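Single-structure report; data block below.
Just so it is clear, none of the values below were taken in a lab; they were calculated from the coordinates. As the structure is a computational prediction, the values presented were derived from the model and not from experiment. Virtual Cβ from ideal backbone geometry, glycine too; neighbours counted across all protein chains shown.
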Amino acid sequence: MKLIDAKRDHYRKLAKEQGYRSRATYKLLQLNNSYRVIGPGFYVVDLGCAPGGWLQAAVKLAGNKGKVVGVDTTYMDDISGAHFIKGSVEDESITDEILEYLGGKANAVICDVSPQITGHWSMDHARQISLNYSCSKIMDKVLAPRGNAIFKVFDGDYSMEFRDYLKKKFARVQLRKPSASRKPSSELYFVCLGYGL
Ligand SMILES: C[S@@+](CC[C@H](N)C(=O)[O-])C[C@H]1O[C@@H](n2cnc3c(N)ncnc32)[C@H](O)[C@@H]1O
């Protein structure tokens, strides 16, 4: 078995054992261990949340004083402690629903959004970055000053332009590839700390 397949199987097995809905959960947990994007009592918004692995992790990290809400175009089964909104990140009116559920602004916005993959890399990359800009418009309306964010990016021509756009909004933006993310995959994560500082 190739090393990358072994790694993928390792996280898939771990997710099954620990009751997480996706291997992706470990990417969020690893990023959070390094940067504490989400802490106890945080209000968290998860954009592109299905099937719900990140939501499950966010519920644990935010604890019983926190609130967690996720948005996706795809239906998913309920997660205890998280509120699900079926909708698109390209529809800015979901902002009202998010704020209404939270009853205040969020402390963290996490985005793992991915379009339907066509296999044409430049098209998939451009579409994913466009979804990230939509997420960041929602973020601008729901994230409290000093809040944090994570954005997954399919790395390509527009990644650094998106990073520069985020850099204008946050005190610190770090580019990371958590070890739970397979090496050959071109996904990277921008970890953004200190909104509006
Ligand atoms: C990689 S999955 C997210 C996995 C999730 N973080 C987890 O741990 O289970 C990406 C998600 O983005 C969603 N998505 C794609 N386009 C969207 C859009 N316009 N609005 C909301 N969600 C979208 C997809 O439906 C998919 O569920």
* Can you list the trypsin sites (Lys or Arg not before Pro) in segment 1-83 that are in a DSSP coil and have 10 or fewer other beta carbons within 10 angstrom? -> Lys2, Lys65
* Asked: Magnitude of the Cβ-charge dipole of the chain, K/R +1 and D/E -1, about the Cα centre, nearest 20 debye?
  -> 980 debye
* Cysteines without a disulfide-compatible partner in the chain, using Cβ under 4.7 Å as the rule? -> Cys49, Cys192
* Mean ellipticity per residue at 222 nm, deg cm²/dmol - from DSSP H runs of n ≥ 4 across the chain, formula -39500 (n - 2.57) -> -12500 deg cm²/dmol
* Between Ile138, Gly48, Asn33, whose Cα lies farthest towards the positive end of the dipole of the chain when Lys and Arg beta carbons carry +1 and Asp and Glu beta carbons carry -1, centred on the Cα centre? -> Asn33
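Run the numbers on segment 3-195 and let me know its relative contact order in percent, using alpha-carbon pairs under 8 Å that are six or more apart.
Contact order relative to length: 20 percent.
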* Structure fact -> Phi angles of segment 148-165, converted by Karplus (6.51 cos²θ - 1.76 cosθ + 1.60, θ = phi - 60°) into ³J(HN,Hα) in whole Hz with x for Gly and Pro, give 10, 8, 10, 10, 6, 10, 7, 5, x, 3, 9, 4, 6, 5, 5, 4, 5, 4
* Please sort by residue number the GluC sites (Glu not before Pro) in segment 59-152 whose DSSP state is loop and whose Cβ has at most 15 other Cβ atoms within 10 Å. => Glu90, Glu92
* Which of the trypsin sites (Lys or Arg not before Pro) found in segment 147-186 are in a DSSP loop and have at most 11 neighbouring Cβ atoms, other than their own, within 10 Å? -> Lys168
